[in-house]
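The values are calculated or read from the model by the stated rules, or taken from the named source; none is laboratory data. Keep in mind the model is a prediction, meaning the values are calculated, not measured. All Cβ positions, even for glycine, are placed from backbone atoms using ideal geometry, and neighbour counts span all protein chains on display. What goes into the accessible areas is simple: the full protein's heavy atoms, side chains included, and nothing from ligands, DNA or RNA. Shrake-Rupley method; radii C 1.70, N 1.55, O 1.52, S 1.80 Å.
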Amino acid sequence: ELGNLSSLKYLYLYGNQLTGSIPAELGNLSSLQDLYLSDNQLTGSIPANLSNLSSLQYLSLDGNELTGSIPAELGNLSSLQSLVLYDNQLTGDISAELGNLASLDYLSLHTNQLVGSIPEELGNLSSLEYLILRTNQLVGSIPLELGNLSSLKYLYLYGNQLTGSIPAELGNLSSLQSLVLYDNQLTGSIPAELGNLSSLEDLYLFENQLTGSIPAELGDLSSLGYLYLSDNQLTGSIPAELG
């Protein structure tokens with residue numbers, strides 16, 4: 001019956017012990033801007049008709065026991081700024097349609113059971129500041145299109161099964177503060193272009209299969225506080241520039 005509240009703008013039910021599924025009728029709340037159902041014990045799938053919430057800016061369903069796939073229809077939420085679905089039991093692919101969320105600045109899907117590759121369409125999210133896909137079962141390579149995310153500050157892809165090389169295009173992310181790619185199966189060399197990330201504070205590349213030498217250009221990262229390159233297959237000398 002909450003779906004009858006046609007003027008409702010804000011619905012905050014997080015941090016309780018709510019059970020059962022998310023009512024599809026919530027998709028009738030045409031004025032809703034914030035929907036926070038986090039940290040409950042909700043089960044079932046994410047209703048596809050939440051995509052009818054044309055005014056929705058914040059959708060937080062994290063910390064539940066939700067199953068099924070992420071509805072592709074959520075890509076229709078043109079006003080959405082934050083999509084937070086982490087710490088559930090979601091399966092299936094990350095829908096390419098999420099790349100349509102032009103206003104999105106926060107996307108967190110971590111700690112689920114998502115499979116497939118990272119859609120290159122996520123490179124269209126020009127307002128995105130946080131991209132957190134860690135601790136899933138993602139495969140394939142890191143899309144070079146992520147280098148288009150000029151507002152991105154945090155890129156967390158660790159704890160997956162990603163392969164291929166680290167795209168040199170990530171060196172274009174001038175706002176990036178944290179690049180965390182450890183515990184994957186990445187190969188190839190560390191791109192020298194990462195030395196262009198003047199705002200970078202954290203660089204975690206350990207537990208991969210990276211080869212080649214450590215780029216001297218990493219010595220240009222004057223804001224860097226953490227540099228973890230262990231458990232790879234790196235060769236050559238340690239650049240004096242790291243001093």
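A single entry from 93, 87, 105 fulfils the requirement of being more than 22 Å from residue 203 (Cβ to Cβ) and touching a residue at least 40 places away in the same chain (Cβ under 8 Å): 105.
One line per residue, one yes/no per condition, for (1) closer than 16 Å to residue 112 by Cβ; (2) touching a residue at least 12 places away in the same chain (Cβ under 8 Å); (3) surrounded by 14 or more Cβ atoms within 10 Å (Cβ to Cβ); (4) not hydrophobic (A, V, I, L, M, F, W, C):
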| site | (1), (2), (3), (4) |
| --- | --- |
| 19 | no, yes, no, yes |
| 36 | no, yes, yes, yes |
| 63 | yes, yes, yes, yes |
| 71 | yes, yes, yes, yes |
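Condition first: under 29 Å from residue 139 (Cα atoms), open to solvent by less than 60 Å² (accessible area, probe 1.4 Å), not in a helix (DSSP H, G or I) and not hydroxyl-bearing (Ser, Thr, Tyr). Can you find one or more residues in region 231-238 that meet it? Reasoning before the result, please.
First pass over region 231-238, keeping only residues under 29 Å from residue 139 (Cα atoms): 231-235.
So of that shortlist, the ones also open to solvent by less than 60 Å² (accessible area, probe 1.4 Å) come out as 232, 234.
When the remaining residues are screened for being not in a helix (DSSP H, G or I), the result is 232, 234.
Imposing the further condition that a residue be not hydroxyl-bearing (Ser, Thr, Tyr) reduces the set to 232, 234.
The answer is yes; a qualifying residue exists.
Within region 95-123, being under 18 Å from residue 62 (Cβ atoms), hydrophobic (A, V, I, L, M, F, W, C) and in contact with a Pro (Cβ under 8 Å, 6 or more places away or on another chain) holds for one residue alone: 98. Here residue 12 passes the criteria (1) among the aromatic types (Phe, Trp, Tyr); (2) within 27 Å of residue 139 (Cβ to Cβ); (3) over 17 Å from the mean Cα position of the chain (by Cα) except the one numbered (2). Looking only at region 47-59, residues that are open to solvent by 10 Å² or more (accessible area, probe 1.4 Å) and either within 23 Å of residue 15 (Cα to Cα) or within 18 Å of the chain's Cα centre (by Cα) (or both) come to 3 in all. For region 206-226, does any single residue satisfy the condition of being part of a strand (DSSP E or B) and open to solvent by less than 60 Å² (accessible area, probe 1.4 Å)? The answer is no; no qualifying residue exists.
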